[in-house]
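Quick notes on the structure that follows.
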Amino acid sequence: MKMVRSMNYKRVQELRWDPTLGEWVMVSNIRDLRPWQPQDFCPFCPGTPETGFGWDILILRNKFPMLNEEPIPPGKYKFYSTAPSYGRCYVVVETPKHDIDDISDLDVTEIYKVFKGVKRKQEDEMRDPKAIYFLFFRNKGKEIGVSLTHPHSQIYVLPFIPVKVLRELINSNRYYSKKKQCLFCDIVNIEKEYGERVVANTDYWIAFIPFYAHWPFEVHIYPLTHIQLLSQLNTELTKDMARIVKKVLCGIKNIFEKPMPYMMVLHQAPLKGIYTFYHMHIEIYGMYRMVGKLKYAAGMETGGGNFTYDSTPEEAAHMLRNTVEIKCKE
Ligand SMILES: [Zn+2]
Ligand SMILES: [Zn+2]
Ligand SMILES: [Zn+2]
């Protein structure tokens, strides 16, 4: 069905501007041409033509990317604006081990290698004058459409700043102009002082469910030092980031009998420009409200744009902190 549709239509890969919300939509029908593969074939296991042998982590070009180095020229349309889908999409194969459930099952050193690899990739990408943003993210769970179970995350090198980060930049810039202080540092200090929403601590990082969480188990992880970019983290901070991510993801996995689907995303400053008022962090959205019950971004959330939270972040943090303390010893 899908194949037939794409063959009848022109090939399109472009950014379309939504003039009502003021944001880009990435449009591509090229991904529909994905070839059929046998059910048990894993393209990320060692020994395929693409992966080869002798690696700890691999960063591969996505074969059917949303963004391209040499994108098809965008269409010309009456009234509407478009832009080229310039960019790069990568898959980070986090380990040669196919059969682990999640990266929290890896050792801290193995997770550190993943972050080190991503950091290096970012350093390369920063040299491209057209690379504006480096979005590193991870989706986990069949329920949210992750079909390939081999542990992997993704990188989108974008020609624009993602809209959620843009809102953070605007608000933190405004805060900084008024108070001469970093909004995120102030949040970290308040959460540290209050303590009830803190989920885990390490030497250089803190994890908490923020006062204003949207998703049921939404954990934000901050470096205690005021830093804007992943590429600015030294070895010690990167290792410690692996430590805290392992703790939090282990908690998310073990809080209910069944591992919970989640999304994890790195929020950092854009690659171009000076954003000293910004503070990088990781956001994890654990999506179960209770055992097996997925929180959907439904009418209110998707249509209205505001979230409803069916508990309190304090209660959720209490549950998660206990799980981390009992089940997630290093
Ligand atoms: Zn595999
Ligand atoms: Zn800060
Ligand atoms: Zn954020």
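The values are calculated or read from the model by the stated rules, or taken from the named source; none is laboratory data. Quantities reported herein were computed from a predicted structural model and do not represent experimental measurements. Don't worry about glycine lacking a Cβ; one is built from the backbone with ideal geometry, like all the others, and counts go over all protein chains shown.
What to note about this one:
- Scanning segment 273-290 for residues that are away from ligand 2 (no atom under 16 Å from the Cβ) and in a loop (DSSP other than H, G, I, E, B) turns up Gly273, Met287.
- Once segment 148-178 is narrowed to residues that are closer than 14 Å to Asn62 by Cβ, at pLDDT 95 or above and of a type outside the set (S, T, N, Q), the residue that is farthest from ligand 1 (Cβ to nearest atom) is Leu158.
- Any hit, segment 82-101, residues being of a type in the set (Asp, Glu) and touching a Phe, Trp or Tyr at 6+ places or on another chain (Cβ under 7 Å): no
- Neighbours by Cβ (under 6 Å, 6+ apart or cross-chain): first from segment 43-70, over 21 Å from Lys119 (Cα atoms) and surrounded by fewer than 14 Cβ atoms within 10 Å (Cβ to Cβ); second modelled with pLDDT under 95 and among the charged types (D, E, K, R): Phe64/Arg31; Phe64/Arg34
- Here Thr20 passes the criteria (1) modelled with pLDDT of 95 or more; (2) more than 20 Å from the chain's Cα centre (by Cα); (3) surrounded by 14 or more Cβ atoms within 10 Å (Cβ to Cβ) except the one numbered (3).
- Residues of segment 278-294 classified as surrounded by fewer than 21 Cβ atoms within 10 Å (Cβ to Cβ) and more than 14 Å from the chain's Cα centre (by Cα), total: 6
- One residue from Phe160, Phe136 being within 16 Å of ligand 3 (Cβ to nearest atom) and hydrophobic (A, V, I, L, M, F, W, C): Phe136
- Identification of strands (runs of 3 or more DSSP E) wholly contained in segment 57-147 with 3 or more residues that are at pLDDT 95 or above and within 27 Å of Asp240 (Cβ to Cβ) yields 88-93, 133-140.
- Residue among Met319, Met290 that alone is away from ligand 3 (no atom under 16 Å from the Cβ) and free of Cβ contacts under 8 Å to residues at least 40 places away in the same chain: Met290
- Pair list, Cβ < 7 Å and 6+ apart or interchain, from segment 190-206 residues that are of a type in the set (Gly, Ala, Ser) to residues that are modelled with pLDDT of 95 or more: Ala200/Ala207; Ala200/Ile244; Ala200/Lys247; Ala200/Val248; Ala200/Val324
- The criterion of at least 2 residues that are crowded, with 16+ Cβ neighbours inside 10 Å and within 15 Å of ligand 2 (Cβ to nearest atom) is met by the following strands (runs of 3 or more DSSP E) wholly inside segment 156-272: 205-208, 217-223.
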